[in-house]
Amino acid sequence: MLIKTFEGADMNDALKKVKKELGGDAVILSSRKSHSETSGGGRGGVVVTAGLPQIDPPWAQHLPGAPEEAPGGVRLSEMDALREMVERMEREWGAGSSQALRELIARIGEISDQGAALSGPPFDPEEEARKVLVEAGFSEADRFELLEGFRLLSYQPVEWSPAQVRSLLQFLVSQKVDVTGSLVGQGGRPGRPKIILFVGPTGVGKTTTVAKIAAGLVARHRRRVGLLNLDTYRIGAVEQLRIYGDLMGVPVEVANTAARLSESIARLSENDVILVDSAGRSEGGGEELLPFLSVLTAGQEWDLSVVLVVSAGQKSLDLERTATSYQKLRPEALVVTKIDETGSLGSLYGLLAHGRLPVAYVTTGQKVPEDIEVAHGGRLAEWMIEGWSCDGSGVRA
Ligand SMILES: Nc1nc2c(ncn2[C@@H]2O[C@H](COP(=O)(O)OP(=O)(O)OP(=O)(O)O)[C@@H](O)[C@H]2O)c(=O)[nH]1
Ligand SMILES: [Mg+2]
């Protein structure tokens with residue numbers, strides 16, 4: 001603030017001078033009767049002190065050191081200068097002559113305090129991390145675990161930004177997520193086909209996932225694929241896989257019983273890969289598949305993998321329950337479907353970090369064959385913290 005005093009023959013004269021020199025934005029800080037000759041003191045001359053906000057007085061620039069910014073944006077050096085001026089005015093012109101200026105200083109102090117209140121407490125990275133994890137749907141136990149790691153790594157006397165907090169959380173999550181890479185890119189050959197059995201709760205997207213992987217194998221990897229359906233439970237389920245098979249021009253077999261399974265596989269054995277779809281049941285956790293599994297594991301000539309399909313929309317406790325109940329089928333890997341359907345993927349963390357099953361594929365929509373990609377730990381961690389976004393840069397299955 002630029003502050004100047006003006007003397008005039010009377011109030012009007014002094015105000016004209018203020019306006020002429022400082023313009024219309026000038027603020028009158030104080031006025032008093034003049035004792036000097038020049039202003040015509042004897043005839044009731046006045047002295048007006050006026051200020052122009054937002055202009056630094058020339059002397060402020062010569063104060064030692066760079067001016068510090070107070071929370072409300074008022075320069076501390078300027079405040080000091082104002083106080084000094086009040087004291088000088090009172091010394092020269094008597095106590096009370098600078099009442100308006102004193103009030104102004106008090107007001108500036110208030111504004112500074114309000115500014116400090118508005119800008120809130122200093123940024124706390126751990127608090128920010130906690131907020132991010134809650135919003136992303138991480139369970140309380142998972143938050144506790146991750147915040148412990150966060151605390152260890154974030155203990156540095158540096159300023160943290162919200163973006164850095166999120167990056168560190170992504171890093172911590174990615175350290176716990178294990179992936180397999182493509183299950184079908186290389187394995188399997190005619191005579192010793194790679195067999196992948198897809199199991200999991202009803203409606204999670206098993207049949208759709210089988211179709212997506214089959215389409216990728218046929219169209220992009222130029223591999224020979226056979227489809228097999230163990231889905232004898234739901235009417236229409238066999239039809240669903242047949243339609244996909246016909247569209248892709250790949251053979252589809254149906255095995256209603258474990259006894260028929262060997263024959264079905266024999267008919268498909270000239271393929272590189274056999275993808276086996278199964279029926280989801282609301283209860284039992286895959287119990288009904290055990291007889292089929294014993295046939296599949298008995299065949300030494302087959303290279304078998306069991307994959308558990310889960311939906312990202314399930315709550316963390318339900319995901320862990322599903323994994324526990326399907327343990328009897330000894331799955332080797334996970335497919336996580338419907339990533340696109342939930343805004344809080346943090347619920348996956350418990351299963352991915354502690355379920356001891358690596359993730360093979362993730363599916364991100366209903367479109368066959370495009371909405372599937374080979375799981376990537378870093379991308380999964382990013383989605384769990386930031387939410388899923390359709391950027392199309394993943395590796396297609
Ligand atoms: N949004 C979204 N929908 C999906 C995804 N995968 C599958 N779906 C949809 O989920 C529904 C069920 O898919 P299915 O493939 O029939 O599920 P399933 O596990 O075979 O079901 P059952 O055979 O009854 O156990 C269908 O409407 C699919 O289009 C996905 O990644 N995202
Ligand atoms: Mg199905």
Magnitude of the charge dipole, region 194-386, Cβ model with Lys/Arg +1 and Asp/Glu -1, debye to 20: 140 debye
Volume per residue of the C-alpha convex hull in region 208-283, rounded to whole Å³: 83 Å³
Relative exposure of Asp246, Asp318, judged by other C-beta atoms within 10 Å (fewest first): Asp246, Asp318
Within region 310-352: Cβ-based charge dipole about Cα centre, in debye rounded to nearest 20 (Lys, Arg +1; Asp, Glu -1): 180 debye
For region 149-218, convex hull volume per residue from C-alpha positions, Å³: 171 Å³
Per residue Cα convex hull volume in Å³ - calculated over region 125-174: 65 Å³
Electrostatic dipole magnitude of region 125-174 [Cβ: Lys, Arg +1; Asp, Glu -1; Cα centre; debye, to 20]: 100 debye
Radius, Kirkwood style, for region 194-386 when every pair of distinct Cα atoms is counted (Å): 16.8 Å
Taking Met11, Met248, Met384 and counting other C-beta atoms within 10 Å, the order from fewest to most: Met11, Met248, Met384
Greater than 23 Å apart at Cα, pairs in Lys176/Lys212; Lys131/Lys176; Lys328/Lys367; Lys176/Lys206: Lys176/Lys212; Lys328/Lys367; Lys176/Lys206
Coil-residue trypsin sites (Lys or Arg not before Pro) of region 253-352, DSSP, other Cβ within 10 Å capped at 16: Arg281, Lys315
Within region 224-315, GluC sites (Glu not before Pro) in DSSP loop having at most 13 other beta-carbon neighbours inside 10 Å: Glu270, Glu283, Glu301
nm² value of the averaged projected area, convex hull over the Cα atoms of region 137-259: 12.2 nm²
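Taken together, the values in this text are just the output of simple stated rules run on the coordinates, not laboratory data. Please read these numbers as outputs of a predicted model, since none were measured by experiment. Neighbour counts run over all protein chains shown; Cβ positions are idealised from the backbone, glycine included.
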